[in-house]
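The values are calculated or read from the model by the stated rules, or taken from the named source; none is laboratory data. This is a predicted model, so every value here is computed, not measured. Glycine gets a Cβ as well: all are built from the backbone with ideal geometry, and neighbour counts include every protein chain shown. All accessible areas refer to the heavy atoms of the entire protein, side chains included, with ligands and DNA or RNA removed. Shrake-Rupley method; radii C 1.70, N 1.55, O 1.52, S 1.80 Å.
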Amino acid sequence: QVQLVESGGGLVQAGGSLRLSCAVSGSIFSINVMGWYRQAPGKQRELVAAFISDGRTNYADSVKGRFTISRDTAKNTLYLQMNSLKPEDTAVYYCHMVTTPRDYWGQGTQVTVSS
């Protein structure tokens, strides 16, 4: 059974940094896309950053230059380094993986940025 488990969220002041981790377990034959989404209260879930199928990265305009997505294939872990955090980055952050034949979501980790 495939599981995605996020960690690293918390409360941080504006301008601070956090690193999120997503540990993947289970048998996976083909990963097409893997990335991070977030959902703020009252808003739709939105893409933050992702590795797409040809190895390139894709970032939301609002986080470009501040967030960096990375992965450690040996540890089956995806990361999101978040710097220069802003109050508008406050949200639940979800790890997402698209495989063949289905996609998976983690349970989410709360990130709260105080002003």
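Can you confirm whether A23 is within 12 Å of the chain's Cα centre (by Cα) and surrounded by 19 or more Cβ atoms within 10 Å (Cβ to Cβ)? It is false that A23 is within 12 Å of the chain's Cα centre (by Cα) and surrounded by 19 or more Cβ atoms within 10 Å (Cβ to Cβ).
Give the stretch 66-77 a look and list any residue that's open to solvent by 80 Å² or more (accessible area, probe 1.4 Å) and without any contact (Cβ under 8 Å) to a residue 12 or more places away in the chain, or say none. Step through it out loud before you land on a result.
Taking the stretch 66-77 as the starting set, the residues that turn out to be open to solvent by 80 Å² or more (accessible area, probe 1.4 Å) are 71, 73-76.
Within the stretch 66-77, T73, A74 qualify.
Just one of the listed residues (T112, T100) is open to solvent by 20 Å² or more (accessible area, probe 1.4 Å), out of contact with any helix residue (DSSP H, G or I) (no Cβ under 8 Å at 6 or more places or on another chain), closer than 12 Å to L11 by Cα and not acidic (D, E), and it is T112. Considering the conditions (1) without any contact (Cβ under 8 Å) to a residue 24 or more places away in the chain; (2) surrounded by 18 or more Cβ atoms within 10 Å (Cβ to Cβ); (3) acidic (D, E), D89 is excluded by exactly one of them, (1).
One residue stands out among those in the stretch 26-58 that are of a type in the set (A, V, I, L, M) and closer than 20 Å to D72 by Cα: the one that is most open to solvent (accessible area, probe 1.4 Å), which is I31.
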